[in-house]
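Shown next, in structure tokens, is the structure this report addresses.
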Amino acid sequence: MYLFLIIVLPSALVYYSINVRDKAVIPVVITGMLSSALFCALKAFFSFMYRIPSAAFFPNYLYILFGQTLFPCAVVYLLFFFLSKDEESFRIQSYFPLLCSFFTVYLPFHILAGSSSAYSFFELFLKPVLYLMMLSASAICVRYVFRAFGSGSTRVRAVWISTLCASLFLPAAAETLWFTGRPVWTWLVLYAAYVLCAVCGYIHAGNDDMLMKTPGLFLPDINKLKKILKH
């Protein structure tokens with residue numbers, strides 16, 4: 001029952017490592033896993049995993065956003081970025097393997113240790129995919145944020161910083177809608193749209209020759225869809 005939850009992120013990490021073919025990624029992965037183990041140990045020893053949730057949206061949203069996504073992502077990556085002696089390009093590229101290895105440990109721990117004995121379909125199957133899409137989309141945004149700072153355009157910087165924030169904030173919103181018992185369609189539509197955009201971003205971002213002045217790479221290619229439908 002827990003197999004999908006446990007293997008999704010490690011599988012993505014293996015796929016990434018095979019495509020990159022760079023041994024320098026191994027220390028990054030090890031760093032992510034060790035930092036996650038330390039983070040989980042500190043959380044288990046010094047915090048109370050169980051809480052009484054309210055029915056309101058925003059308290060739960062803030063708890064999920066800061067406790068499960070934004071705080072771990074920001075702390076782990078910023079510490080790595082500023083403490084690492086590697087070139088800036090490598091530190092930017094390390095965002096995905098570092099955080100994917102971190103959540104490989106942290107996500108199953110948080111779900112299995114913080115939930116009741118009956119785990120939901122969302123937690124075991126949908127949430128791992130959602131977090132994988134979040135890491136993929138935010139990794140693309142981090143890359144273009146740094147490119148935007150080199151472009152000298154304030155507008156491009158603002159657009160990509162906003163897109164990065166959206167990539168990190170929206171998964172927590174979808175999970176909160178599910179967690180607070182909102183109608184299925186409310187969180188399912190947001191979930192499906194987010195996954196679709198993340199997949200489109202992954203496909204389009206592989207073409208580094210494209211001039212990405214807007215986050216349109218996260219949208220489906222309408223022209224290609226028209227051609228497919230015609231055939």
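The values are calculated or read from the model by the stated rules, or taken from the named source; none is laboratory data. Keep in mind the model is a prediction, meaning the values are calculated, not measured. No Cβ is skipped: glycine too gets one built from the backbone with ideal geometry, and neighbour counts run over all protein chains shown.
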Of all the residues that make up segment 49-91, how many are surrounded by fewer than 16 Cβ atoms within 10 Å (Cβ to Cβ), modelled with pLDDT of 90 or more and among the polar types (S, T, N, Q)? 1
When you go through Phe82, Phe71, Phe109 one by one, which is the residue that is assigned to a helix (DSSP H, G or I), of a type in the set (A, V, I, L, M, F, W, C), free of Cβ contacts under 8 Å to residues at least 12 places away in the same chain and farther than 20 Å from Ala137 by Cα? Phe82
Within segment 29-43, is even one residue in contact (Cβ under 8 Å) with a residue 60 or more places away in the chain, closer than 19 Å to Val105 by Cβ and not in a helix (DSSP H, G or I)? no
Inside segment 155-185, can you point out the residues that are assigned to a helix (DSSP H, G or I), surrounded by 14 or more Cβ atoms within 10 Å (Cβ to Cβ) and not aliphatic (A, V, I, L, M)? Arg157, Trp160, Thr163, Ser167, Phe169, Pro171, Glu175, Thr176, Trp178, Phe179
